[in-house]
Amino acid sequence: MIDKAEAEEVLGVTGLRLKFPGEPNLQFKDLSFSVKKGQKVLLLGPSGCGKSTLLQVLCGIIPTSIEVPMQSESLRLPSSWGMVFQDPDTQFGMPFVDEELAFVMENQCVPREEMEARMKRVLAEVGLQLGDLHTPIHSMSQGMKQRLALAAVLLLEPDVLLLDEPSALLDPEGTVQIWDAIHQIGANRTLLIVEHKLDHVLELIDRVVMFDDQGQIIADGAPEMLFREEKSRLIEYGIWYPGVWDEYVASSRYRNLMDEDDMYAIAQRHDDAAPLVELRNFQGKRGKESRILIQHAEIRSGEWIALLGENGAGKSTLLLSLMQLLKTEGIYRLQGKDVQLRRGEVLSDQMAFVFQNPELQFVTNSVQEELGLSIGLNKSDAATAAEDPRVCEMLRHIQLESERNRHPYQLSMGQKRRLSVATALIHQRPLLLLDEPTFGLDARSTFAMLEMIEQWRQRGMAIVMVTHDRWIAEHFATRIWRIEQGHGVDTAITTRTERKMVVNV
Amino acid sequence: MNNWFSPKRVTWMHRVNPAIKFLVFIGLFIIILFTHRLDFILYQFLGYAALLFLSSGYTLRKLMLMTLPFIFIFVSSSMTMILFGKGETLWWSWGLFRITEESFFRGIHIGFKTLSCAATGLLFALTTRPTLLFYAMMQQLRLPPKYAYAFMASFRMLPMLWEELQIRQQALAVRGVRSAHSIRGWKERLLNYAVPLLAQSIRRAQRVAVAMESKRFAAQSSTATRTYYYKTSVTSRDGFFLVIILVMVAVAFVASHEIPLFNVGDVRG
């Protein structure tokens, strides 16, 4: 082990002042921060506190690549560094694995003859086994792409590795893999990590630095002590610390919500009717190819169905098929009636759909118009939307009252997600289809989102939701549909339903 | 779908230096542009078509499918000239339409010009990998890397843009947004697609640029010191290619004088 007291400082800044153009306040005001050789540092804080910005300042991306006005008393940049970014889809400039890795080496003028051997070495280091180096990047899973990004960074032979939420947009499997890879290669390096999901990070780090929403450092120390003393802040900032789900499920907030649930009443209200949705030999197609086959399945009012399955198993395809956005075959009954649509029609008046990327489904120029449009108001009718009681109630519900006149694109990620779900909830269709609505959100926003959906489910709405998160499936969904490679629904009841049954018996 | 556009066999045409090929094909375009004799352009077209069918390495079935639209572009590009062109020797007229001998020949001349461009363009596209083209342009033509990599990075984004376009289409259907079939409706539709897709693309381009620079890509770097994963060089094969093209154009030129099929001289009159 390196003696930290004596180890030299590898990067640092004193008296940093930085302001984003157009923002009223300084992002950093006289911030000082430094890291010693070999330290593994985790930066924590609420979203928007400037952790990622600080990473970019500390390696010189700001102001070299991104021009932001800043000044500092002293700035020490690391002699060699590499950065892995959050989004797997925007890290690569080339279409193939070998070409991308070659790009990094070309920049450093590595002789061509050495390139292949180096590629194989770094791919092995991050645990990527590819039969062929000339593999198209778009054919890889998100988790593999992140490991490729890490491999590319290793070609820079960095002493300092900067990781900007490398697992935020990965499923649980990909998350484990990227952190395993980082663990493998991190031993002799200085690590600077920004991350919200702490499950696999804790064993890696020896120092935690915590920021408040003003961009000030409020705590700095060993992880164990800091997590014990600052637990309330972890919750406040929505950090996914280990055990956060256990605590949430044991909390009175969750208990109360679940106690309000009366499945019996919902079932009785809808009992005489046919199931809300009935599927027999139902096939969803992309082009001519059948991508999902459901032998037999039913959805009843008040059910919350979690769609689980591997990437590419056909979960999203099933949602799109239910919405009739794809061509389908087989029997599909809604409330006992066969679904028959003319060309180009979708079922938008019987069910609501929330896409994963909220921005792609916003249509208007303000938050309230967005909600107004969903209940049939004219697109440009802002004044009417502002007065409509349903819009006002929903705005209060999703805590966007003060943002009601802002453009949807100007909201934070959590707010955008809330708004996109709200536009689907507000017109009260009997069925709501959601494609990973909590993906990439922090813990606080995730719980808020799930509670909001649960309240509507308790009023009798049926929910079908794609998720990768076992915890959500077990503690919010009432039933699980497991999709395996394009066919089969293997249904299972969830922990929540089991507990309910025990209570009722 | 992507596999559809991979050739059945790799021919010598694929192995020609892409930068040389690019320059030669630009040259061919200029020749086509300044050809004013019907017989010459006809023989040229036959040569280009032969080259396309013999050296592209694609199966006959795929080539037939890809050249099927040629009939349409031939008819559409020649028709306007045939029907409305000026001329002395009247063959047929009906209302506004006036077909004269001169306009007829001028029309099919335009048609063959278009076909020649299409055949050479298709041949180039089918036998050249974009990545290799830009590598060759950097190495043989000293194209600054910042332009080459800008193009290559944007190629990678095209499929993402296409995917987002489809999602946007579905999202608009789900939100019940329908635009009227009027000029205002068209404008509305354009904005409905352009704004979100542009916002996504600009952000993505910015992120990719930062990621590329963080991998030590310096926009100001010169071609001199840079190393290349794909080494492209000029070989005797490129000389062979150049000779073939020159011979082909020369044969077409001689044939148009010795064995003319139409013998109408300069179509410009």
Some residue of region B:188-205 being more than 12 Å from every other protein chain (Cβ to nearest Cβ) and free of Cβ contacts under 8 Å to residues at least 40 places away in the same chain = yes
Within region B:172-185, can one find any residue that is at the interface with another protein chain (Cβ under 7 Å from one of its Cβ atoms), charged (D, E, K, R), buried (at least 18 other Cβ atoms within 10 Å of the Cβ) and assigned to a helix (DSSP H, G or I)?
-> no
Restricting attention to region A:106-117, which residues are within 7 Å of chain B (Cβ to nearest Cβ) and assigned to a helix (DSSP H, G or I)?
-> A:106, A:107, A:112, A:115
Can you find a residue in region A:71-94 that is loosely packed, with under 14 Cβ neighbours inside 10 Å and either at the interface with another protein chain (Cβ under 8 Å from one of its Cβ atoms) or out of contact with any Asp or Glu (no Cβ under 9 Å at 6 or more places or on another chain) (or both)?
-> yes
Pairs where the first residue, in region A:118-140, is part of a strand (DSSP E or B) and the second is exposed (fewer than 13 other Cβ atoms within 10 Å of the Cβ), C-beta under 9 Å, 6+ apart = A:136/B:2
Identify, by number, the condition in (1) more than 10 Å from every other protein chain (Cβ to nearest Cβ); (2) part of a helix (DSSP H, G or I); (3) modelled with pLDDT of 90 or more that residue B:131 doesn't meet.
-> (1)
Check whether at least one residue in region A:349-356 is among the aromatic types (Phe, Trp, Tyr), facing chain B (nearest Cβ under 10 Å) and farther than 21 Å from residue A:473 by Cα, and report yes or no.
-> no
Scanning region A:19-32 for residues that are among the hydrophobic types (A, V, I, L, M, F, W, C) and surrounded by fewer than 20 Cβ atoms within 10 Å (Cβ to Cβ), which turns out farthest from the other protein chains (Cβ to nearest Cβ)?
-> A:26
Across region B:1-47, what is the number of residues that are in a helix (DSSP H, G or I) and under 22 Å from residue B:263 (Cβ atoms)?
-> 12
Which of the residues that make up region B:201-244 are out of contact with any helix residue (DSSP H, G or I) (no Cβ under 6 Å at 6 or more places or on another chain), within 21 Å of residue A:149 (Cα to Cα) and at pLDDT below 90?
-> B:218
Residues in region A:54-70: is at least one of a type in the set (Ser, Thr, Tyr), touching a residue at least 12 places away in the same chain (Cβ under 8 Å) and either crowded, with 22+ Cβ neighbours inside 10 Å or within 23 Å of residue A:154 (Cα to Cα) (or both)?
-> no
Counting only residues in region A:425-455 that are in contact with a helix residue (DSSP H, G or I) (Cβ under 9 Å, 6 or more places away or on another chain), surrounded by fewer than 19 Cβ atoms within 10 Å (Cβ to Cβ) and farther than 24 Å from residue A:240 by Cβ, the one farthest from the other protein chains (Cβ to nearest Cβ) is identified as A:428
Provide a single number: the residues in region B:40-68 that are without any contact (Cβ under 8 Å) to a residue 40 or more places away in the chain and farther than 21 Å from residue B:3 by Cα.
-> 1
Could you give me the residue pairs with C-beta distances under 7 Å whose first residue belongs to region A:402-421 and is within 18 Å of residue A:448 (Cα to Cα), whose second residue is charged (D, E, K, R) and part of a helix (DSSP H, G or I) wherever it lies, and which are 6+ apart or on separate chains?
-> A:411/A:403; A:415/A:403; A:416/A:359; A:419/A:370
Only one of A:352, A:385, A:422 is more than 30 Å from residue A:266 (Cα to Cα), of a type in the set (Gly, Ala, Ser), surrounded by 15 or more Cβ atoms within 10 Å (Cβ to Cβ) and in contact with a Leu (Cβ under 9 Å, 6 or more places away or on another chain); which?
-> A:385
Conditions (1) part of a loop (DSSP other than H, G, I, E, B); (2) under 28 Å from the mean Cα position of the chain (by Cα); (3) away from chain A (no Cβ under 11 Å) -> residue B:228 fails only (3)
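The values are calculated or read from the model by the stated rules, or taken from the named source; none is laboratory data. Since the model is a prediction, treat every value here as computed from it, not as a measurement. Virtual Cβ from ideal backbone geometry, glycine too; neighbours counted across all protein chains shown.
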